Every structure is written in C-alpha cells, then in structure tokens.
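Accompanying notes for the structure given below.
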Amino acid sequence: MSHPITGNRRSVLIYSFVWLLVSALQGFLYWYILSFPWPVVVSDALFSSLLFGFMGLLAWYPTRYIPFQRNSPFYSILAHVVAGLLVLFVWVLVTVGILNGIFADQEAYVKFLNKSLPWRAGLGGLVYLVLVLIYYLVSNNQKLMERTQQQERLKVLVRETELSMLKSQINPHFLFNSLNSIASLTMSNPDEAREMIIRLSDFLRYSLKHRENEYVPLKEELGRMKDYLAIEKKRFGEKIQYIFNISGECEDFPVPTMIFQPLFENAIRHGVYESVDPITIRFDCTPENEFMKTVVANDYDPAIPTRKGTGVGLQNVRQRIELAYQEKGSVQWMGTEGVFKVTILFPRIYSKR
C-alpha cells in the first residue's frame with residue numbers, strides 16, 4: 001500500500017499548497033500582531049510550517065503498520081502517542097534551535113520563540129492527530145477497495161469454474177448420443193457411419209480447441225451445429241429438415257461455445273424421436289434493440305405424449321447465459337400450436353469480447 005500523499009503527484013501538490021497557505025497565514029499574524037521584521041516573519045513561518053509538514057508525512061508509517069484494534073486499542077493508542085511525541089520533539093528541537101541560531105540578535109523574537117514552545121507543541125499535537133485520523137480513513141478506504149477487487153476477482157474465478165462445469169456436462173452427453181447414432185449405422189450403412197465419424201471428430205476437435213476460449217463468432221458456432229445435425233440426419237434421413245436464417249449482423253457476434261448444442265439435441269429428442277412425420281428445426285438470429293435475438297424452433301405433434309425429460313439441457317443453457325452475461329441475458333422457452341421455441345437474448349454490449 002503506497003503512501004497516500006507521496007504516492008500521487010496531485011496529492012503532493014495539494015498537501016504542499018495547504019502548508020504554504022498555513023505558512024502565509026502564520027507569517028501575516030506575526031507581522032500584523034507582533035510587528036516582527038519581514039526576514040523573521042518569513043523564516044519562522046516557512047521553516048516551522050514546512051518542517052512540520054514534512055514530519056507529518058512520517059505519521060503515515062505508524063498508521064500503516066500499527067492497525068487500530070477495536071478490541072484492544074491500548075497498544076495502538078500508546079504507539080501513536082510515542083510516535084507523536086517523537087515527531088513533536090524533533091520538530092520543536094530543530095525549529096527552535098535553528099531559528100535561535102539565525103536570529104540570536106533579535107532579543108524580542110528570541111524571547112517570544114522560547115515562550116511559544118508550549119502552544120507550538122500543543123498545536124502541533126492537534127495537527128498530528130488530524131493527520132493520523134486522515135491516514136486511517138485513507139488506509140481503510142484503500143483496504144476496502146482492495147477487498148472489493150479481490151471479491152470481484154473471486155466472482156470471476158467462480159463464474160469461470162461454473163461455466164467450465166456446465167460445459168463439461170454437455171460434451172459427454174452429446175458424445176454418447178452421437179456414438180449411439182453411429183452404432184445404428186455401422187451394420188446397415190458403413191459408408192455413412194464412416195462419414196458420421198469424421199463429422200463427429202471435427203465436432204469434438206472444435207469443442208476441445210475452444211475449451212480455453214469461451215466465445216466464438218456465431219457463424220463458427222453454427223457451423224459445428226450443422227455438423228451435429230448432419231450426423232443425426234444420417235440416422236433419421238428425410239425425417240429431419242433444418243433451416244438457418246441469420247442476419248448479416250449476427251454472423252460475427254460472439255457467443256459462448258456449445259451454447260446451442262443442447263437446444264438442437266432437445267429438438268431431435270422431443271421432436272424427431274416422437275413424431276412419425278418430418279420435423280423441421282429452424283434457427284433464426286436478428287438484431288433487436290440492445291440484444292441479439294436467437295430462436296431455435298422445432299415442430300412436434302401435440303397429440304403424441306412427449307417423453308418426459310429432466311430439463312437439464314435447458315437449465316444448463318439458462319445458467320450459462322446468466323453467468324456469462326451477469327444476468328443481463330435471458331433464455332425463455334414455450335410450446336404452442338405444435339411448435340416449441342427457445343429464445344435467447346444476447347446483450348449487444350458484450351459484442352466486443
């Protein structure tokens with residue numbers, strides 16, 4: 001923790017100006033009330049005030065290294081009393097000794113100087129106390145700022161850890177489903193199974209590549225989602241149709257990696273699995289005020305009871321969005337008239353990641 005005055009040029013200028021102002025006021029009073037000659041007035045005012053100003057800087061160190069203990073304040077108070085007495089003793093001794101030596105021929109001034117020791121020491125003690133209180137306020141403020149910064153860093157670390165845990169929940173689930181799809185084709189259509197393995201390897205390579213980089217352009221993320229849908233299309237054939245409608249402004253917008261994979265997986269699980277008719281999965285992205293709006297929608301047959309899921313995928317996506325965008329983004333879903341939609345609002349303020 002640096003000195004609150006010497007560690008900042010602006011603080012040094014303000015501190016110096018205050019003591020020059022005190023010197024000017026002291027000199028004016030000496031001249032106007034006591035009628036001392038100008039050399040005496042200027043020397044006493046500048047020397048005593050500026051020397052005490054320098055000594056006052058030293059009061060920071062007992063404040064810095066002897067924190068005030070509320071439960072047992074005696075030690076802290078005693079330490080400051082000793083430090084204050086030492087500062088006052090040095091200041092009075094040096095000031096009076098030098099001024100006595102310089103103006104030994106000014107009997108009236110020397111007499112006044114020697115008689116002024118008590119009130120100089122008392123006034124100096126009061127100023128020292130004020131400086132100590134100011135230093136304590138500054139020290140506590142600095143500690144509060146450091147604690148706040150540490151808490152913010154801790155929050156970032158916790159958020160990153162939670163995001164990593166959420167991502168780790170996605171990858172194994174997706175891998176198991178993809179391997180099941182490939183297994184179903186190994187006997188009936190080995191060539192398509194081979195193509196699916198290549199697409200799967202590309203997809204997993206993408207996932208591993210961006211494990212350290214949490215955000216990628218939307219067009220890159222959707223490229224990998226198309227690989228995933230192509231894998232599933234090999235299994236279900238014409239039963240799956242997918243359409244992507246993306247505004248040009250959306251293509252380079254950064255999104256969390258693998259954020260859409262659970263949504264497409266849900267669309268296949270609860271739409272394609274349960275339906276006998278072809279199912280269309282649609283992805284749309286459009287700018288909307290302060291957000292980038294994405295919608296993943298899929299058909300489903302409302303007359304057929306859907307397979308009840310755990311809801312982990314959707315909750316996972318919601319938690320990731322809340323963590324990644326500090327609760328400024330949102331995830332909503334609803335199913336009406338045979339269409340299930342999941343809407344994600346990405347705050348555009350985060351577009352320069």
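The values are calculated or read from the model by the stated rules, or taken from the named source; none is laboratory data. Since this is a predicted model, take the numbers as computed values, not measurements. Cβ coordinates were reconstructed from backbone atoms using ideal geometry, including for glycine residues, and neighbour counts include every protein chain displayed.
Details
- Wholly within segment 232-325, strands (runs of 3 or more DSSP E) carrying at least 3 residues that are surrounded by fewer than 21 Cβ atoms within 10 Å (Cβ to Cβ): 240-246, 279-288, 291-299
- Candidate set: segment 326-338, residues that are more than 25 Å from Pro302 (Cα to Cα) and polar (S, T, N, Q); chosen: the one surrounded by the most Cβ atoms within 10 Å (Cβ to Cβ): Ser330
- The condition (being over 38 Å from the mean Cα position of the chain (by Cα), at positive phi and either surrounded by 16 or more Cβ atoms within 10 Å (Cβ to Cβ) or at pLDDT 80 or above (or both)) is satisfied by just one residue among Ser35, Ser23: Ser35.
- For Arg205: the one exception among (1) closer than 29 Å to Asp191 by Cα; (2) in contact (Cβ under 8 Å) with a residue 24 or more places away in the chain: (2)
- Odd one out for Ser48 among (1) modelled with pLDDT of 85 or more; (2) in contact with a helix residue (DSSP H, G or I) (Cβ under 6 Å, 6 or more places away or on another chain); (3) among the hydroxyl-bearing types (Ser, Thr, Tyr): (1)
- Gly271 vs. criteria at pLDDT below 85, of a type in the set (Gly, Ala, Ser) and more than 22 Å from Met334 (Cβ to Cβ): no
- Among the criteria (1) modelled with pLDDT of 75 or more; (2) among the hydroxyl-bearing types (Ser, Thr, Tyr); (3) in contact with a Phe, Trp or Tyr (Cβ under 8 Å, 6 or more places away or on another chain), the one Thr306 does not fulfil is (1).
- Residue match in segment 73-83 (condition: surrounded by fewer than 17 Cβ atoms within 10 Å (Cβ to Cβ) and modelled with pLDDT of 80 or more): yes
- Failed item, numbered, when Ser2 is tested on (1) out of contact with any His (no Cβ under 7 Å at 6 or more places or on another chain); (2) surrounded by 12 or more Cβ atoms within 10 Å (Cβ to Cβ): (2)
- Taken over segment 309-351, the criterion of being over 35 Å from the mean Cα position of the chain (by Cα) and at pLDDT 90 or above is satisfied by Val339, Phe340.
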